[in-house]
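Undergrad: This is the structure, below, for whatever I ask next.
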Ligand SMILES: [Zn+2]
């Protein structure tokens, strides 16, 4: 059970379905790590993907920068732009008339530039 982290829903979309709660442990001893102020590093993750971390160094919670809300409009826009970019790159690869189809497929499957 988390002691410090009080957020019960995603601040971006309001999702309150908790899918994970973690308390950071020492790698070797597996005991719960305790800051000198007595607080612990805690994380709560919601179904939408957003994680919130309790940072004992500052006695406050922060949104995780890697596990972010999938309902966030900025995130959705970023994904949409990526899909458009992929389609444009694939179209460009198809336009390379001097290149054999096997290599075009190799490129489109993201296998790098090696021949
Ligand atoms: Zn969310």
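Undergrad: So, R0 is 35 Å and r is the distance between the beta-carbons of residue 24 and residue 80; what FRET efficiency does that work out to, to 0.05? Can you show the working numbers first?
TA: Numbers: r = 35 Å, r/R0 = 0.99.
The formula returns an efficiency of 0.50 here.
Undergrad: Taking 4 °C and 1.567 mPa s as the conditions, I'd like the Stokes-Einstein D for the chain in µm²/s, using the Kirkwood hydrodynamic radius from alpha carbon pairs.
TA: Values: Rh = 17.6 Å.
The estimated diffusion coefficient comes to 74 µm²/s.
Undergrad: Using a Förster distance of 41 angstrom, determine the FRET efficiency expected from the C-beta separation of residue 17 and residue 92, and round it to 0.05.
TA: Values: r = 41 Å, r/R0 = 1.01.
E(calc), rounded to 0.05, equals 0.50.
Undergrad: Between the helical axis of 73-94 and the dominant principal axis of the chain, each derived from Cα atoms, what acute angle in degrees is found, rounded to the nearest 10?
TA: Here the helix axis deviates by roughly 20 degrees.
Undergrad: So if R0 is 22 Å, what FRET efficiency would residue 32 and residue 72 give, r being the distance between their Cβ atoms, rounded to the nearest 0.05? It would help to have the intermediate numbers written out before the result.
TA: Details: r = 31 Å, r/R0 = 1.41.
Efficiency, from the Cβ-Cβ distance: 0.10.
Undergrad: Can you tell me the relative contact order of the chain? Whole percent, Cα pairs under 8 Å, sequence separation 6 or more.
TA: Working: 146 pairs, mean separation 20.4, N = 115.
Here the relative contact order equals 18 percent.
Undergrad: Using a 7 Å offset from the Cα along the Cα-to-Cβ direction at both residue 62 and residue 105, what is the distance between the two label points in nm, to one decimal?
TA: Result for the modelled spin labels: 4.7 nm.
Undergrad: Considering Cα pairs under 8 angstrom that are at least six residues apart, work out the relative contact order of segment 1-69 and quote it in whole percent.
TA: Working: 128 pairs, mean separation 19.9, N = 69.
Value for segment 1-69: 29 percent.
Undergrad: Right, another one. For segment 1-69, take the alpha-carbon Rg, divide it by the Kirkwood Rh, and send me Rg/Rh.
TA: Details: Rg = 12.1 Å, Rh = 12.3 Å.
Over the Cα atoms of segment 1-69, Rg/Rh equals 0.98.
Coordinate-derived values only; no laboratory data. Here the structure is a predicted model, which is why all the values come from computation and not from measurement. Every residue, glycine among them, receives a Cβ derived from its backbone with ideal geometry; neighbour counts consider all protein chains shown.
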